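The values are calculated or read from the model by the stated rules, or taken from the named source; none is laboratory data. Please read all numbers here as calculations on a predicted model, not as lab measurements. We place every Cβ from the backbone using ideal geometry, glycine too, and count neighbours over all the protein chains shown.
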Amino acid sequence: MTTETDKILVPEEQSGAPESTADTQETTPVAAQADEPATQETDGEEAPAAVDFTDEEAELAADAPEFDLGEEDESGNTDESSKEEGSAATDYSGKSKSELLALLSDLLANKPVQTIRRDVEAIKIAFYKAYRAEVERARRAFAETGGKIEEFVPTPDDAEQRLKELFAEYRSKRNDFIAKLEEEKENNYKVKLKIIDELKELIDSNETLNHTFNTFRELQQRWKETGPVPLTYVKDLWETYNLHVENFYNFIKINKELRDLDLKKNYEAKLQLCEEAEALVLEPSVINAFHKLQKLHDQWRETGPVANEYKEQLWERFREASAKVNKRHQEYFNSIKEEQKRNLELKTELCVKTEELLAAPLSTRKEWNKASDQLIEIQKVWKTIGFAPKKDNTKVYERFRNACDKFFENKRNFYLQIKAEMENNLHLKNDICAAAEALQESSEWKKVTDELIALQKRWKEIGPVSRRYSDAVWKRFRSACDKFFERKTAFFSSLDSQYEENLSKKRQLLDELKSFAAEGKEIGFETLKELQRRWAEIGFVPIKQKEAIQKEYRKAVNAIFAKLRGNEKEHRMERFKGKISSLAEGGDRRLRYERERLYNKMKQLEADIALLENNIGFFSKSKNAEGMIREVNNKITKAKEEMASLIEKIDLIDKQNNQAE
């Protein structure tokens, strides 16, 4: 889903002070000072906190048909994990996709398939959380580079394919287990039928009572030890068995003492089952209570008869407790269904509000930002609402997601339109710069002053430009104006002692700069900026020395800047050496991945350089070609420097690989 963090950066006005006019003196009207308008442009806007929908995306992805296992068997006979009281899957959040795949593979290899369903489901959800987070990052990167959200297609993921293969293996093993379990149930059914036949024969036997009773006890024990039978046979089988047990008791009623003792034991056992069933009414977990009740019913069926005077009483007590537990179980699931219906209503309402924002006519940045804030709040509310019914959940989510995506796509298009207007403004301001530069060497002081004032007026009437070009184009225009007015000032002013004093101060400051470069003293950017500020505050120098001292100044500053950049480059390379050492400890695979990434980036830069160098030939025929060629050459220089740094990094990785071998 698109959220506010998916928005591309767009220009926006911000208040700021005009640029300094140090070293510029003028006796002409104030309008001739070429002050930049007080507002500057920015390329971005403050983004509200993003709303993360990774969890919901992951739940929907993990609910795909290829991962369907069907409903859990309420009888608890399919997955042993469902019968473990208080059992819960391990927390797999925070683990990488490769770690999750390794854990799933280990579970399949070393754990009984009937005990790992909860862990398999948890791993599947955790995997898709990590996967959706990666896809969302790729989606945002795609949008930031100018792509349309609806055209974004995630790159196929080998890890996801591996997950599906492991899940298919799990499902196959689970199906084999269930098939084997069903086969065992059929065998158990045959064994219990045989026990019933033996019980019939026991009644007709001519053995002694003690021998007959011992045999009866053995048959009862075999019945209890025999596992479950298919659900369709349970009721009839138990009724048949119970009938023959009662017939046996009627058969041996001549030995009343032995019979009463057995009935008493059964009475105590069923009384205990009643008490345990009644205790389940207070069990905090409705699900656990329901599964425990199933076990109690199994035990009830396995327990022999009681005296007739207690038979109905005990059964009614047990049935009443069972009814309460079943009622709680049913109410619990009914409440979940009702809550999901309410969630669907709330989410539908949020969809309507989002679609209303989408349909609203928004024409200013203020309106778009206000609507964006409202949508972010809607997304936050959506995040607090639970799931809707399964048949509606995906549909309502897709409706909400599509509306959000379309809203932010429209907003992005709005700002792209503003960006186009700013690019046109940049062309107009570049034309004004060219006109000012054509006048800067003129000696027609009055005529050119009027023309420059007119150019300044036109400059202020033109709208804003992108911040990335604002300073450069403004400095270019101001530089042309300053140059003319400096020449004019120099022409009309006489040199005096103040200029000589300024020259002396600048020479002293220049000596400080040279000493930093010559003696290798450590100097930071802030210190250098302070020295530059002091230089700018000194004022004019005699016109004959101005160019020379300014040249020396630029040379000294450039030398210090080169040194600072060199130190910074060394620091970056040292940090990169530490990085590849860390990657090498993590295995060759991570190191190979890093080299491949750097190599691809280097090849891309190489292609970009070739394209830029090819484009220079076209610029020579364009208006204002000199400025554009200079800008392209700067880009080529920066790209070549970056490519040299990448080559050096690749060489470091190769050396690391050679050392490892």
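Consider the stretch 399-442 and keep the residues that are in contact (Cβ under 8 Å) with a residue 40 or more places away in the chain and among the small types (Gly, Ala, Ser). The one that is farthest from Ala480 (Cα to Cα) is Ala403. For Ala610, the conditions (1) surrounded by 13 or more Cβ atoms within 10 Å (Cβ to Cβ); (2) under 30 Å from Cys433 (Cβ atoms); (3) modelled with pLDDT of 80 or more are fulfilled apart from (1). Number of residues in the stretch 141-182 that are under 24 Å from Ala126 (Cα atoms) and either aromatic (Phe, Trp, Tyr) or at pLDDT below 80 (or both) equals 3. Checked against (1) part of a helix (DSSP H, G or I); (2) out of contact with any Gly (no Cβ under 7 Å at 6 or more places or on another chain), Leu362 meets all criteria but (1).
Restricted to the stretch 483-520, and to residues there that are in a loop (DSSP other than H, G, I, E, B) and either hydroxyl-bearing (Ser, Thr, Tyr) or surrounded by fewer than 12 Cβ atoms within 10 Å (Cβ to Cβ) (or both), the residue that is modelled with the lowest pLDDT is Gly520. Return a yes/no flag: does the stretch 141-153 have any residue that is touching a residue at least 12 places away in the same chain (Cβ under 8 Å), basic (Lys, Arg) and within 30 Å of Phe407 (Cβ to Cβ). Checked against the condition, which is being touching a residue at least 12 places away in the same chain (Cβ under 8 Å), basic (Lys, Arg) and within 30 Å of Phe407 (Cβ to Cβ), the stretch 141-153 yields at least one hit.
Quick check, is Arg365 under 30 Å from Arg412 (Cβ atoms), surrounded by 15 or more Cβ atoms within 10 Å (Cβ to Cβ) and modelled with pLDDT under 90?
Spelling it out, Arg365 is indeed under 30 Å from Arg412 (Cβ atoms), surrounded by 15 or more Cβ atoms within 10 Å (Cβ to Cβ) and modelled with pLDDT under 90.
Could you please find all residues in the stretch 377-389 being touching a residue at least 40 places away in the same chain (Cβ under 8 Å), in a helix (DSSP H, G or I) and surrounded by fewer than 19 Cβ atoms within 10 Å (Cβ to Cβ)? The answer is Lys380, Lys383. Scanning for something assigned to a helix (DSSP H, G or I), at pLDDT 80 or above and under 40 Å from the mean Cα position of the chain (by Cα), does the stretch 615-629 turn up at least one residue? No: the stretch 615-629 contains no residue that is assigned to a helix (DSSP H, G or I), at pLDDT 80 or above and under 40 Å from the mean Cα position of the chain (by Cα).
What pairs come out if I take residues in the stretch 277-289 that are in contact (Cβ under 8 Å) with a residue 40 or more places away in the chain and pair them with residues that are buried (at least 16 other Cβ atoms within 10 Å of the Cβ) and of a type in the set (Asp, Glu) whose C-beta lies under 9 Å away, six or more apart or interchain? Sorted first by the residue in the stretch 277-289, then by its partner, the pairs are Ala289/Glu283.
Check whether at least one residue in the stretch 415-437 is within 17 Å of Glu367 (Cα to Cα), assigned to a helix (DSSP H, G or I) and not aliphatic (A, V, I, L, M), and report yes or no. Checked against the condition, which is being within 17 Å of Glu367 (Cα to Cα), assigned to a helix (DSSP H, G or I) and not aliphatic (A, V, I, L, M), the stretch 415-437 yields at least one hit.
Given the criteria modelled with pLDDT under 85, surrounded by fewer than 18 Cβ atoms within 10 Å (Cβ to Cβ) and in contact with a helix residue (DSSP H, G or I) (Cβ under 9 Å, 6 or more places away or on another chain), does Asn242 qualify? Yes, satisfied. A single member of Ala371, Ala360 is more than 25 Å from the chain's Cα centre (by Cα) and either more than 25 Å from Glu339 (Cβ to Cβ) or at pLDDT 90 or above (or both), and it is Ala360.
Per-residue answers, yes or no, for (1) crowded, with 18+ Cβ neighbours inside 10 Å; (2) farther than 20 Å from Phe177 by Cβ; (3) touching a strand residue (DSSP E or B) at 6+ places or on another chain (Cβ under 8 Å):
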residue	(1), (2), (3)
Gly94	no, yes, no
Lys97	yes, yes, no
Ser105	no, no, no
Glu121	no, no, no
Glu134	no, yes, no
Ala141	no, yes, no
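The helices (runs of 4 or more DSSP H) located wholly in the stretch 215-328 that include 1 or more residues which are under 47 Å from the mean Cα position of the chain (by Cα) and within 30 Å of Asn187 (Cβ to Cβ) occupy 231-251, 286-302.
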